[in-house]
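What follows is a set of notes on a single structure, which appears directly below.
Laboratory data are not the source of any read-out in this text; all were calculated from the coordinates shown. Bear in mind the structure is a predicted one, so any value in this text is a computation, not a measurement. Positions of Cβ are backbone-derived with ideal geometry, glycine not excepted, and every protein chain shown enters the neighbour counts.
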Amino acid sequence: MAFFKKTTIWVIAYLLIFQVLLILFVPTAVVYEDRIKYDIVKNNIYNIEAVVKEIKDTIREKKLLRYAVILGDSVGYSTPCPSEASIGYYLNEISKREGSDIYFFNLSMPSMMGGDIYTMVKLLHKYGISTDNLIINLIYPGFIKGEPYNSSIFWMKDFLKDVDFQVFKEVYYGFYPVRNSDLQEAKAAIKHKINTSVPIFMYKDYLFNKSYLEALDRKAAHFFGQPLTEIASEPIRPWYEKDFLYDLMKHEDNSYIYTDKPFIMTDKNPQIYFLNKIIELQKGKNTVFFLAAMNDELLADEVNKIGYKENMQRINDFFEDKSVKFINYNGRIDYNLFSDFIHLIEDGYKYLAEDLWTRIIQYEGVGGK
């Protein structure tokens, strides 16, 4: 019995030491590099907690006094481009070029909706990360009330329950078309707690992942003069080189993207409910919302409908009297810079970053001067 007790104590001690070492020696680039590691987080959303923690550590270690956080969906994430051609990367390059000390963190993730973004803001607060400077990307179909945007929260339901239980209850019982049983919710809560509290679970999907080996590869370059491997990516093709896009956009499954059905711009629409919550949270702070441009050349037949144009105006009108800055990029981006109906090629995201910098940094000051 004494031997078993002693062995158990040593095992626990070793596990605790291992977890401390895990936190100390996992390179930040394994978890976050110009944006989240989507291929890892999409398979286990709990992995996003490690990203937020690493950002908190980066802010402390670099003693950053001025920084901005980018939240949004696949446009903010900069699909389909690599991280070194993403909005966050370009904004940081511009900041260096201009001799500014402001740093940008990009926590956008494909398919994030208004509820996910609200939850991310609350999660940042939980970790003591300032949202004094916040850039949020929105998309036209995100304002739909109904399929596929019934609840306006795609990824972060369990996180919302943790960071704002009152809002969770309002959303879960007000908007969710199908709800879990009490047992399913209890299991989800336990899984959430374990995966976001125990380091070995927080980092397990990052360890020995390809991105981990790539990060070690870059570190090796400091010692050997060059990386041990070469990582190449193919250039992103513009939309006009993809003939299939015209038929794809006309498919019934994609008709919601450019719907001309009137948007409901009240709290009965979960998107509006969450936008109002975010705006309330951000009172007195530098907050910029930008609506991603649609490729009107590709969608010409649809976006010329009266209902579509009226919806665009409804979005503009919603932000008219709000205490945030709003930029509608529709019609403001060269159509040659699109990769599909809404996403951009490398030069497109570079242009978007330059324009954001000009509009909100130099003149109006996310982070001030």
Low-density loop positions, trypsin sites (Lys or Arg not before Pro), the range 33-113 - DSSP coil, at most 11 other Cβ in 10 Å: Lys62, Lys63
GluC sites (Glu not before Pro) restricted to the range 241-303 and DSSP loop, no more than 15 other C-beta within 10 Å: Glu297
Amide H partners (placed H, <5 Å) of Phe290, local residues excluded: Ile136, Asn137, Leu138, Ile327
In sequence order, calculated HN-Hα J values of the range 157-170 (Karplus, 6.51, -1.76, 1.60; Hz; x Gly/Pro): 4, 5, 5, 4, 4, 7, 8, 7, 5, 5, 5, 3, 4, 4
For the range 42-148, radius of gyration divided by Kirkwood radius, i.e. Rg to Rh on alpha-carbons: 0.97
Shape category assigned to the range 72-118 from the gyration tensor of Cα positions, a/c cut at 1.5: oblate
Proxy reagent accessibility, fewest Cβ within 10 Å first, across Ser108, Ser255, Ser78: Ser255, Ser108, Ser78
Modelled FRET efficiency - R0 30 Å, Arg314 with Asp355, Cβ distances, 0.05 increments: 0.80
Tensor-based shape of the range 41-87 (alpha-carbon gyration tensor, a/c under 1.5 rounded, otherwise prolate or oblate): oblate
